[in-house]
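Here's the structure we're looking at; comments come further down.
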């Protein structure tokens, strides 16, 4: 099933009827996976030149105020229209991403969470994560966000170096980054810091300083990202000079060495955490769990008895808000094709260092293991995975050449 708006459409389409979703199909799901909720807040102070996310600039001195309350009302209308698709299911995590969600006032975030709780059943230990930037304006709100119900903060530091931050177009400086992380560690029981490496002009010594600074501040979780040039970004038009591949690999080796020495485990290809500080929301993605995405440009992946469906919301914030209030926030809703399910599962599950049991593959895709047997044998012969009984895990070589490993399942 594919539902899409026309290019000249003024509003989106309504959420597919749940009876339609439950019609007979080729898959036979024995159980539904855990469910998470993603809420997208699309505004930021300035669009970073490397960013390809659905974010839209808003400055505090603009004549029109940020439409916080109106946007929350639209998001709630979007959720209301989607409730039949997830009725009775427990939500185990909420992730508020962007953009820069910390531009919204803490009382607005508290109201958003309160309205979500009124509509969805949350687990007692539901993890509620919010992204934030290190600017002074946002940092002064961290304790208030905790009081509003946020349990985990993810701070987009990227670097503690003034020069590096300027080269990648960030609006904060190194001192603000230091202050923000210090505040986050004090305000929250667990938090995450995003760090980028292989930045324009970055040396191994500069990368070392960034990692050692984060570790020295007591951060229990670090997400590390290699700067890549994405299409439709400013860097794609005017690409900077990035470190050579060998230098980037040396940085990654150093990151792994430093974090391991400080009691961190590289539990996912880009995520390093101390014990009990892994991100449940992201882990659910990697285990091919379900997530309902609401907000401008948000994506969903939902499982039903006989199909797996992906949805996308309208990207433009104002168009989304107008459409959501009419119960028509979707831009598309598509069933994942039978021939794509194995690759989609492996694209996620192979990112986990601990791997997965083959029973999880069957449970989350509704497919027989025989469908991927040949690809598994090829991956094992190449030394990219290890197999112990029915447990599959990427080897160190498989982690280093993850794209090559995942591509083996394209035709599975």
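Just so it is clear, none of the values below were taken in a lab; they were calculated from the coordinates. These numbers were taken from a predicted model, which means no experiment stands behind them. Here the Cβ positions follow ideal geometry from the backbone for every residue, glycine too, while neighbour counts run over all protein chains shown.
Starting with the highest mean, order 17-28, 315-326 by the number of other Cβ atoms within 10 Å, averaged over the residues of each peptide. Each step should come with its number before you reach the end.
Details: 17-28: 12.8, 315-326: 19.7.
Averaged packing, sorted descending, gives the order 315-326, 17-28.
Across 10 Å bins from the origin, how do the percents of Cα pairs in the stretch 33-153 run, short distances first?
Pair shares across the bins are 12, 44, 33, 10, 0.
Taking the highest mean first, how do the peptides 165-174, 277-286 order by number of other beta carbon atoms within 10 angstrom per residue?
The most tightly packed comes first, giving 277-286, 165-174.
How large, in Å, is the stretch 80-206 by the Kirkwood hydrodynamic radius built from its alpha-carbon pairs?
Hydrodynamic radius (Kirkwood, Cα pairs) of the stretch 80-206 is 15.9 Å.
How big is D, in µm² s⁻¹, for the chain by Stokes-Einstein at 25 °C and 0.890 mPa s if Rh is the Kirkwood radius over C-alpha pairs? Before the final figure, lay out each step's value.
Working: Rh = 22.4 Å.
Answer, rounded: 109 µm²/s.
After finding the eigenvalues of the alpha carbon gyration tensor for the stretch 288-352, what semi-axes result from the square roots of 5 times each, listed largest first in whole Å?
26, 13, 9
Just rank 94, 372, fewest to most, by other beta-carbon atoms within 10 angstrom.
Going from least to most buried by this count: 372, 94.
Kirkwood Rh and Cα-based Rg: tell me the resulting Rg over Rh for the stretch 247-323, rounded to two decimals.
1.17
Restricting things to alpha carbons, find the Rg to Rh ratio for the stretch 342-412 using the Kirkwood radius for Rh.
Values: Rg = 10.6 Å, Rh = 11.7 Å.
Over the Cα atoms of the stretch 342-412, Rg/Rh equals 0.90.
Quick one: Debye curve from the alpha-carbon atoms of the stretch 284-411 only, equal weights, vacuum; give me log10 I(q)/I(0) at q = 0.23 Å⁻¹ to two decimals.
Evaluating at q = 0.23 Å⁻¹ gives log10 I(q)/I(0) of -1.28.
Considering Cα pairs under 8 angstrom that are at least six residues apart, work out the relative contact order of the chain and quote it in whole percent.
Over the chain, the number comes to 21 percent.
Please report the equivalent ellipsoid semi-axes of the stretch 81-136, computed as sqrt(5 x eigenvalue) of the Cα gyration tensor, largest first, in whole Å. Please report the intermediate quantities before stating the final value.
On the way: eigenvalues 115, 27, 22 Å².
Each semi-axis is √(5λ); the values are 24, 12, 11 Å.
Going by Cα centres, the stretch 13-71 and the stretch 88-155 are how many Å apart?
What the calculation gives is 15 Å, centre to centre.
What residue among 379, 118, 77 has the largest mean-square fluctuation in a Gaussian network model of the chain, using Cα springs under 10 Å?
So, out of 379, 118, 77, the one fluctuating most is 118.
Can you tell me, using C-alpha contacts under 8 Å and at least 6 residues apart, the relative contact order of the stretch 342-412 as a whole percent? Could the numbers behind the result be given before it?
Working: 89 pairs, mean separation 29.8, N = 71.
Taking the mean separation of contacting Cα pairs over the length of the stretch 342-412, I get 42 percent.
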